[in-house]
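Working notes, beginning with the structure itself.
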Amino acid sequence: MKMEAVQEQLREWGELIITTAAGESYEIHLGDTAFDVDKRLIKLSTPEAEYLIDGDAVENVKKHYGHKVDPDDVHH
């Protein structure tokens, strides 16, 4: 999938879960993700690390819906 398609989907939806050709999944948001078109990179900034993702290696995009967070939900 072209990086520009991922960027457009993120602009439309605001939050996505992407899966790369290497099988890694990332949850990206408008506020923590930048696209470097020249270097073909997606930069995800998190409290733990900055991830540089090959922008053209995204194979799957999942639109993530908002939901109420359960107190037992360790994801958030």
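Read-outs: derived from the displayed coordinates by stated rules, not from any lab. Everything numeric in this text was worked out from a predicted model, so none of it was measured. We place every Cβ from the backbone using ideal geometry, glycine too, and count neighbours over all the protein chains shown.
Listing for the model above:
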read-out: Verdict on residue 17 being assigned to a strand (DSSP E or B), in contact with a helix residue (DSSP H, G or I) (Cβ under 9 Å, 6 or more places away or on another chain) and surrounded by 10 or more Cβ atoms within 10 Å (Cβ to Cβ); value: no
read-out: Within the range 42-65, considering residues that are part of a loop (DSSP other than H, G, I, E, B) and touching a residue at least 12 places away in the same chain (Cβ under 8 Å), the one surrounded by the most Cβ atoms within 10 Å (Cβ to Cβ); value: 55
